[in-house]
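Asks: Quick one: this structure, given as structure tokens, is what I'll be asking you about.
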Amino acid sequence: MTRRDEYRCLLLLILKDFFQGRPPLLMQICGHMIEIMRKFPANIIPPSDCANFVSQSLNKGGIKTRDDWYNKPGEFFILGKRTDKNYSQNWTTAKGLTRWLRKEKNIYNGESLIRTDDNFNSDLEKSIEKTKIGDVIGWSTDESGKNIHHVGIVSKIANGKIYYDAHTNDKRNEELTPGDKSIVIIHILDEAY
């Protein structure tokens, strides 16, 4: 067992204890996130697994697949199985996923733009009131938040801070800090789940 495997096992034990007694939806989403991390460590996933991870989490939380947002049952976005028949671009790319979420009126509940300059703390403070566990976080290379290249999912809000989970490089309850030109939090309607 490598040191990474030991860390992963310890993390899974901690997460199992942490989520005892949490609301069922949160348990379901987080349980799925743990399952993905356990089955598919970051070193065997293509470098663009972030949107697949978020899409699977949203789907396990209750958002149903559609003709333009899907990954076939039993198919994983792993090297050797990447074909257009198995998944949609809206499922597997950060830009596609966030564009799709923004146009889905029965899912999209607005968004918060967090600038990563001197305004970071004030923008973060304003966004916390609207942000919920299960909202999608996008990192953008422009100040408008339109050029999103990486996504994660809000996993915790505590003490005036937002935490997230992401997969390409495993992140679990990572504190949201300034990065890129801007960060967008796409708010998901409660009814969507």
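The values are calculated or read from the model by the stated rules, or taken from the named source; none is laboratory data. For clarity, every value in this text was computed on a predicted model and none was experimentally measured. Note: ideal-geometry Cβ built from the backbone for every residue, glycine included; neighbour counts use all protein chains shown. Side chains included, ligands, DNA and RNA excluded: accessible areas come from the protein's heavy atoms. Shrake-Rupley method; radii C 1.70, N 1.55, O 1.52, S 1.80 Å.
Asks: Filter segment 152-179 down to residues that are of a type in the set (Val, Ile, Thr), open to solvent by less than 30 Å² (accessible area, probe 1.4 Å) and in contact with a helix residue (DSSP H, G or I) (Cβ under 9 Å, 6 or more places away or on another chain), then give me how many there are.
Replies: Residues in segment 152-179 being of a type in the set (Val, Ile, Thr), open to solvent by less than 30 Å² (accessible area, probe 1.4 Å) and in contact with a helix residue (DSSP H, G or I) (Cβ under 9 Å, 6 or more places away or on another chain): 3 in total.
Asks: On to the next question. Enumerate the pairs (first residue in segment 51-66 and buried (at least 24 other Cβ atoms within 10 Å of the Cβ); second residue anywhere and in a helix (DSSP H, G or I) and of a type in the set (Phe, Trp, Tyr)) with beta-carbon separation below 7 Å, excluding pairs fewer than 6 apart on the same chain, so at least 6 apart or on different chains.
Replies: Close Cβ pairs (under 7 Å, with a partner that is in a helix (DSSP H, G or I) and of a type in the set (Phe, Trp, Tyr)) amount to ALA51/TRP91; ASN52/TRP91; SER55/TRP91.
Asks: Still on this model: I need the full set of residues from segment 118-135 which are in contact (Cβ under 8 Å) with a residue 12 or more places away in the chain and on the phi < 0 side of the Ramachandran plot, in order please.
Replies: PHE120, LEU124, GLU125, LYS126, SER127, ILE128, LYS130, THR131, LYS132, ILE133, ASP135 - these are the residues of segment 118-135 that are in contact (Cβ under 8 Å) with a residue 12 or more places away in the chain and on the phi < 0 side of the Ramachandran plot.
Asks: Starting from residues that are in contact with a His (Cβ under 8 Å, 6 or more places away or on another chain) and over 15 Å from ILE107 (Cβ atoms), keep the ones in segment 131-151 and report whichever is surrounded by the most Cβ atoms within 10 Å (Cβ to Cβ).
Replies: SER140
Asks: Report, by residue number, each residue of segment 82-130 that is part of a helix (DSSP H, G or I) and of a type in the set (Val, Ile, Thr).
Replies: The answer is THR92, THR98, ILE128.
Asks: While we're here: Mind listing whichever residues of segment 153-170 are under 19 Å from GLY61 (Cα atoms) and without any contact (Cβ under 8 Å) to a residue 24 or more places away in the chain?
Replies: LYS156, TYR163 - these are the residues of segment 153-170 that are under 19 Å from GLY61 (Cα atoms) and without any contact (Cβ under 8 Å) to a residue 24 or more places away in the chain.
Asks: I would also like to ask the following. Among the residues of segment 116-130, write down those that are of a type outside the set (S, T, N, Q), more than 25 Å from SER55 (Cβ to Cβ) and open to solvent by 90 Å² or more (accessible area, probe 1.4 Å).
Replies: Of everything in segment 116-130, those that are of a type outside the set (S, T, N, Q), more than 25 Å from SER55 (Cβ to Cβ) and open to solvent by 90 Å² or more (accessible area, probe 1.4 Å) turn out to be ASP118, GLU125, LYS126, GLU129.
Asks: Looking for something more than 16 Å from PRO178 (Cβ to Cβ) and not hydrophobic (A, V, I, L, M, F, W, C) - is there at least one such residue anywhere in segment 112-128?
Replies: Taking every residue of segment 112-128 in turn, none turns out to be more than 16 Å from PRO178 (Cβ to Cβ) and not hydrophobic (A, V, I, L, M, F, W, C).
Asks: I want to confirm something. Restricting to segment 105-115 and keeping residues that are within 15 Å of ASP190 (Cβ to Cβ) and touching a residue at least 40 places away in the same chain (Cβ under 8 Å), which single residue is surrounded by the most Cβ atoms within 10 Å (Cβ to Cβ)?
Replies: ILE107
Asks: While we're here: Restricting to segment 93-104, and then to whatever is of a type outside the set (Lys, Arg) and surrounded by fewer than 21 Cβ atoms within 10 Å (Cβ to Cβ), can you tell me which residue is farthest from TYR70 (Cα to Cα)?
Replies: Only one residue tops the list, namely GLU104.
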